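Comments concern the structure below.
The values are calculated or read from the model by the stated rules, or taken from the named source; none is laboratory data. If you're wondering where the values come from, they're calculated on a predicted model, not measured in any experiment. Positions of Cβ are backbone-derived with ideal geometry, glycine not excepted, and every protein chain shown enters the neighbour counts.
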Amino acid sequence: MAIVDKAFLTEMGWDPERAVLSPPDGHRLVVRPVCQVDGCSTTATNARRICFSCQARLAAAGLGDDQLGLLPPPGRSRRAPATCVVAGCARERVSGPAGLCRAHDDQRRCLGVEIDAFVAHSDTVGLPASGPCLVGACPRQRRHPSGCYCEAHQLRLRHARRADPALDELRWRRTEPAASLGGQVSLRGVDSLVVARSSTGSASAASWNGSRPKKPTCGP
């Protein structure tokens with residue numbers, strides 16, 4: 001990526017460790033319909049222009065589409081997987097509501113306590129990050145250091161095996177899409193020269209005054 005202008009990479013939110021682009025909302029090259037709810041960065045391609053998560057929050061609060069201003073912002077940004085709430089833990093959460101990584105969530109369930117009590121427990125300690133998911137395009141961590149996949153791809157593999165008992169898992173790893181987050185484009189698994197050429201082309205287009213917005217290319 002050395003042949004690409006560093007300022008442009010910064011503008012596009014390039015994360016070299018995860019090989020992920022996170023262009024800002026409203027960028028002139030990567031245009032996508034963003035959820036109308038304040039503080040939400042999720043792509044919303046439906047006619048309501050409200051993402052499914054915020055639609056569920058509206059329904060739970062008994063609000064209509066004309067009352068978006070009464071809905072509080074989402075609890076966290078979806079620009080990157082959130083880490084476990086245990087102090088010093090570098091692993092990713094099982095889910096936003098869970099708040100804990102897979103290992104800590106399993107421990108909490110065994111103890112039969114709520115999250116606050118578990119986090120405050122003297123035996124609860126942070127854990128180092130797990131290795132990367134073995135799906136070539138995925139920037140997320142594995143569920144466990146000894147495992148192979150992130151939460152999303154572990155579930156996808158289970159479904160794929162049910163649909164095809166003779167599934168070629170190694171081929172599946174190479175061809176399965178990344179687990180997406182709003183406004184992110186994963187370039188993991190793409191040849192570095194292809195990534196550099198694509199980024200160079202985008203940078204050239206950005207410097208051209210007559211550049212036109214592209215159709216949405218980011219994940220949901």
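What to note about this one:
- Test: P97 is in contact (Cβ under 8 Å) with a residue 24 or more places away in the chain and not polar (S, T, N, Q): no
- In segment 116-128 there is no residue that is at pLDDT below 90, crowded, with 17+ Cβ neighbours inside 10 Å and touching a helix residue (DSSP H, G or I) at 6+ places or on another chain (Cβ under 6 Å).
- Selection status of R156, crowded, with 16+ Cβ neighbours inside 10 Å and over 28 Å from Q55 (Cβ atoms): no
- The listed residue being touching a Pro at 6+ places or on another chain (Cβ under 7 Å) and modelled with pLDDT of 85 or more, out of R49, R32: R49
- Considering residues of segment 59-115 that are buried (at least 18 other Cβ atoms within 10 Å of the Cβ) and in contact with a Gly (Cβ under 7 Å, 6 or more places away or on another chain) only, the residue nearest to G39 (Cα to Cα): P74
- Considering only residues in segment 169-195 that are in a helix (DSSP H, G or I) and hydroxyl-bearing (S, T, Y), the one that is modelled with the lowest pLDDT turns out to be S192.
- Condition met for V135 (closer than 26 Å to C84 by Cα, modelled with pLDDT of 60 or more, among the hydrophobic types (A, V, I, L, M, F, W, C) and in the same structural domain as E92 (by TED's automatic domain parsing)): no
- Scanning segment 137-179 for residues that are under 12 Å from E92 (Cβ atoms) and of a type in the set (A, V, I, L, M) gives A152, A179.
- Taken as a whole, segment 71-79 holds at least one residue that is closer than 28 Å to A137 by Cβ, touching a Cys at 6+ places or on another chain (Cβ under 6 Å), modelled with pLDDT of 70 or more and in a loop (DSSP other than H, G, I, E, B).
- Qualifying positions in segment 91-106 - in a loop (DSSP other than H, G, I, E, B) and either over 15 Å from Q141 (Cα atoms) or at pLDDT below 90 (or both): R93, V94, S95, G96, P97, A98, G99
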